[in-house]
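Let me begin by presenting the structure, written as structure tokens, before commenting on it.
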Amino acid sequence: NSSQVSKIYLGYNNLSGTLPGEIGILQRLNELVLPDNSLRGSISEQLGTLNLVEYVDLSLNNLTGTIPTSLSEAKNISTLFVYKNELSGTVP
């Protein structure tokens, strides 16, 4: 059952494509670890709707755009790694 997923560790797997907006249905997710893949596109605003997320690592991908302002709503987030992407703007 995807609603019970609390951790996703898929770093260093040569994954490609975009980070799907459907990530927002994983309301128990507290760690999202996807470094060193080939993910592209923007970071979904839905990431900020995850109330339990504490640790996010999206570094070393090909992500573009800005860091979503919705991440400022994620009250438990303590660690956010997004280095080595093509992001612009400020951290909300």
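Scanning residues 5 or more positions from LEU19 or on other chains, those with amide H under 5 Å from its amide H are ARG40, with H placed 1.01 Å from N in the peptide plane.
3J(HN,Hα) along the range 66-83: 10, 6, x, 5, 4, 5, 6, 7, 6, 5, 9, 5, 10, 9, 9, 10, 9, 5 Hz, from the Karplus curve 6.51 cos²θ - 1.76 cosθ + 1.60 with θ = phi - 60°, whole Hz, x for Gly and Pro. Kindly provide log₁₀ I(q)/I(0) values, in the same order as q = 0.26 Å⁻¹, from the Debye equation applied to equal alpha-carbon scatterers of the range 52-92. The Cα Debye sum returns log10 ratios of -0.96.
Over all other residues within a Cβ to Cβ distance under 14 Å of ILE8, the charged ones net out to -2, with Lys and Arg as +1 and Asp and Glu as -1. For LEU63, the residues whose modelled amide H falls within less than 5 Å of its own, excluding neighbours fewer than 5 places apart on the same chain, are GLU86. The relative contact order of the chain, computed from alpha carbon pairs under 8 Å that lie at least 6 residues apart in sequence, is 25 percent.
Working note: Cα atoms of the chain, range along each principal axis, descending, whole Å: 30, 28, 20. Among the trypsin sites (Lys or Arg not before Pro) found in the range 14-75, those both in a DSSP coil and sparsely packed, with 10 or fewer other Cβ atoms within 10 Å of their Cβ, are LYS75.
When you filter the chymotrypsin sites (Phe, Trp or Tyr not before Pro) in the range 1-68 for DSSP loop state and at most 16 other Cβ atoms inside 10 Å of their Cβ, you are left with TYR12.
Each value in this text was obtained by applying a stated rule to the coordinates, not by laboratory testing. Computed from a predicted structure; not experimentally measured. Here Cβ is always computed from backbone atoms with ideal geometry, including for glycine, and neighbour counts include all displayed protein chains.
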